């Protein structure tokens, strides 16, 4: 029921989910990824046990346009899952956690659904993530909540709107050592504003990256040329808050001291290293990527996640015009005439 990052890749997505498969792929490619393991979908299936068919049938029967019905079903399913016995999965997860965090290190517990972070769909933010989790008991509780979040209202609505098969959806969970981040943020290996593939766009702020991903702070923004590495845009923001570890577990929001509020959260040397990581990861996957990263308090950079960029890629995948029986029709219409019939 447990797989370590070093032993998995994207080919294992059906068993470890999109996030787990990507972290394994990056680890095997030699990218600096914090150590961790994945609670495989087998554990989720065993956990649901006899209620699996009923849960999936309830989700599949929902009307995509019935927001109230989706919310009501979500509340019922999540309550049922969060109160169920973890059965045989508990011992395996506790043993893996003890191996990962023998020194008492905090971990992140993150949902990894089998159909998330694919080339044509992104489930970012639809299912649960828990940061700075301390101890085996809290880790087990966070895993259970991640399983339940497969049936969150946003996740159910997204799947029903896209007509996904509930029988093919399952939840794996990533458990990964936390980075005590001095700075963190996101990196896009094409411009998220224009789709330009010749640049890398980086957003950065102080503390844990959850403040940037959650939109709670206006981050510094940089645009860097892929070929020469020149910084073509540099916007330093007034970063009023940062997310920091809570000694009791979890994350707290703190005010940024005055001397750091308008200081860049990353140096030019760190931007150059992030660019190298971005280029390397994009080359590995063969397509533009949306990457989360962190820099610890000793200045070491780690990659926390990489997923395919979908907005511009999906636009490019769409046909520019409707198909016609006579392909010359597209050309003829440029001149305002109707396509002529062939002789």
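Go through the range 32-53 and report how many residues are surrounded by 12 or more Cβ atoms within 10 Å (Cβ to Cβ) and in a helix (DSSP H, G or I).
Selection size over the range 32-53: 10.
Which residue is surrounded by the fewest Cβ atoms within 10 Å (Cβ to Cβ), if the candidates are limited to the range 199-228 and must be touching a strand residue (DSSP E or B) at 6+ places or on another chain (Cβ under 9 Å) and in a loop (DSSP other than H, G, I, E, B)?
Only one residue tops the list, namely 214.
Here are 77, 62: which of them is in the same structural domain as residue 36 (by TED's automatic domain parsing), touching a helix residue (DSSP H, G or I) at 6+ places or on another chain (Cβ under 6 Å) and surrounded by fewer than 21 Cβ atoms within 10 Å (Cβ to Cβ)?
Just one listed residue meets the conditions, 62.
When you scan the range 83-102, how many residues do you find that are under 13 Å from residue 51 (Cβ atoms) and surrounded by 12 or more Cβ atoms within 10 Å (Cβ to Cβ)?
Number of matching residues: 2.
Looking at the range 103-122, which of its residues are modelled with pLDDT under 90, farther than 21 Å from residue 49 by Cβ and surrounded by fewer than 23 Cβ atoms within 10 Å (Cβ to Cβ)?
Within the range 103-122, 115, 118, 119, 120, 121, 122 meet the criteria.
If a residue has to be touching a strand residue (DSSP E or B) at 6+ places or on another chain (Cβ under 8 Å) and either in a loop (DSSP other than H, G, I, E, B) or within 24 Å of residue 8 (Cα to Cα) (or both) to count, how many in the range 157-185 make the cut?
Within the range 157-185, residues that are touching a strand residue (DSSP E or B) at 6+ places or on another chain (Cβ under 8 Å) and either in a loop (DSSP other than H, G, I, E, B) or within 24 Å of residue 8 (Cα to Cα) (or both) number 13.
Does residue 17 meet the test of being on the phi > 0 side of the Ramachandran plot, at pLDDT below 95 and touching a strand residue (DSSP E or B) at 6+ places or on another chain (Cβ under 6 Å)?
Here the answer is yes, as residue 17 does meet what is asked.
Residue 304: touching a residue at least 12 places away in the same chain (Cβ under 8 Å), more than 17 Å from the chain's Cα centre (by Cα) and crowded, with 18+ Cβ neighbours inside 10 Å, yes or no?
For residue 304, the condition - touching a residue at least 12 places away in the same chain (Cβ under 8 Å), more than 17 Å from the chain's Cα centre (by Cα) and crowded, with 18+ Cβ neighbours inside 10 Å - is not met.
Checking residue 269 against (1) touching a strand residue (DSSP E or B) at 6+ places or on another chain (Cβ under 9 Å); (2) within 21 Å of residue 32 (Cβ to Cβ); (3) free of Cβ contacts under 8 Å to residues at least 12 places away in the same chain: exactly one of these is not met. Which one?
The number of the failed condition is (1).
Does residue 40 meet the test of being in contact (Cβ under 8 Å) with a residue 60 or more places away in the chain, in contact with a strand residue (DSSP E or B) (Cβ under 6 Å, 6 or more places away or on another chain) and either assigned by TED's automatic domain parsing to the domain that holds residue 307 or closer than 22 Å to residue 86 by Cβ (or both)?
Yes, satisfied.
The values are calculated or read from the model by the stated rules, or taken from the named source; none is laboratory data. Quick caveat: nothing in here was measured; it's all calculated off a predicted structure. All Cβ positions, even for glycine, are placed from backbone atoms using ideal geometry, and neighbour counts span all protein chains on display.
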